[in-house]
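Beneath this line is the structure, given in structure tokens, with notes to follow.
Read-outs throughout are calculated quantities, based only on the coordinates presented, and are distinct from any laboratory measurement. Only a predicted model underlies this, so the values are computations on that prediction, with no experimental measurement involved. Quick reminder, even Gly has a Cβ in these numbers, built from the backbone with ideal geometry, and neighbours come from all protein chains shown.
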Amino acid sequence: MALFAIAEGQGGFFTAKQAESAGFDRTNHSYHVRTGKWTREHRGIYRITQYPAPPEADLILWSLWSRNLEDVPQGVYSHATALRIYDLSDIMPVKIHQTVPQKFRRGAEIPKALVLHRANLSPVDIEEREGFRVTRPLRTLRDLIAEGGLSRDLLKQAFGEARDRGLITEKETRSAGFPAWLWGGMEGKK
């Protein structure tokens, strides 16, 4: 079934447009919800009810929420949310941070669960995951330093963890122009 193949790559989630492209007439979507085959997760976003919910269900849902008129997700998880995804610090953000293109527009109200940042990201700054995208650690740190809302201790922790795990290199960080306080005596490591 075409819809299952689409949903399988998105943790069981799919959009109304994706259902239509798989042959499900829009007028029958509510029928599938009533019969329990689909669960309506948000306006225009559904999940196959029997499909096991993935650990990143919230990330897949809000990625699909960010789709443009062509049904392509625009949001990329960034800032504190990216730190959480990579497990680079002890931070547990209350809201989900997404970076969307400068010209991103949604007719509906922005959900309270989200904080939107606007920037036109380069493909080299983005990592693809199953059902969503996230800024790479180097870009994440650059964004957090520029924003200035995170303590130096948490930034040092994230930087050190990323370096220790090989997610960023010393050469990359030096060319990124990070401030000297971030290094915190880490010269000579990896």
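Counting neighbouring Cβ atoms within 10 Å and putting the fewest first, the residues Trp181, Trp38 line up as Trp181, Trp38. Put in line by how crowded their Cβ is, counting other Cβ atoms within 10 Å and starting with the fewest, Leu154, Leu3 read Leu154, Leu3. Ordering Leu144, Phe13, Asn28 by Cα displacement along the dipole of the chain toward the positive end leaves Asn28 in first place; charges were set at the Cβ atoms of Lys, Arg (+1) and Asp, Glu (-1). In the elastic network of the chain, a GNM with C-alpha springs shorter than 10 Å, the most mobile of Ala180, Ala16, Ala82 is Ala180.
Grab the beta carbon distance between Glu130 and Tyr51, set R0 = 22 Å, and tell me the FRET efficiency rounded to 0.05. Mind showing how you got there, number by number?
Working: r = 13 Å, r/R0 = 0.59.
After rounding, the FRET efficiency stands at 0.95.
With neighbours defined as other Cβ atoms within 10 Å of a residue's Cβ, the residues Lys156, Lys37 order from fewest to most as Lys37, Lys156. Applying both filters, DSSP loop and at most 12 other Cβ atoms within 10 Å, to the GluC sites (Glu not before Pro) of segment 78-162 gives Glu109, Glu130. In a simple Cβ point-charge model (Lys, Arg +1; Asp, Glu -1; nothing else charged), segment 83-170 has a dipole of about 420 debye relative to its Cα centre. The count of lysine pairs in the chain that are at least 8 places apart or cross chains, and whose C-alpha atoms lie under 21 Å apart, stands at 8. Here the simple spin-label model places points 7 Å from the Cα toward Cβ, and for His117 and Glu8 these points are separated by 3.5 nm.
Taking every DSSP helix (H) stretch of at least 4 residues in the chain, weighting each as -39,500 (n - 2.57) and dividing the sum by the residue count yields a mean residue ellipticity at 222 nm of -9500 deg cm²/dmol.
So, with +1 on the Cβ of K and R and -1 on the Cβ of D and E, and no other charges, what is the size of the charge dipole of the chain about its Cα centre, to the nearest 20 debye? Don't skip to the answer; put the middle values down first.
On the way: 28 positive and 23 negative charges, 81 e Å.
I would put it at about 380 debye.
Considering only Gln74, Gln50, Gln157, the Gaussian network model of the chain with Cα springs below 10 Å gives its largest mean-square fluctuation to Gln50. Dimensions of segment 2-48 from C-alpha coordinates, computed as largest minus smallest value along each principal axis and given longest first, are 24, 19, 17 Å. Here the gap between Glu20 and Val94, fully extended at 0.36 nm per residue and compared with their Cα-Cα distance, gives a gain of 23.2 nm. Using the Cβ of Val134 as centre and a radius below 9 Å, the other residues enclosed give a net charge of +1, where K and R count +1 and D and E count -1.
Going through (1) 14.5; (2) 11.9; (3) 10.5, the figure that equals mean projected area of the Cα convex hull in nm² as computed for the structure here is (2).
Among residues other than Ala16 with Cβ under 13 Å from its Cβ, the summed charge is +2 (Lys and Arg +1, Asp and Glu -1). Once the C-beta distance of Thr27 and Arg106 is scaled by a Förster radius of 25 Å, the resulting FRET efficiency is 0.55 to the nearest 0.05.
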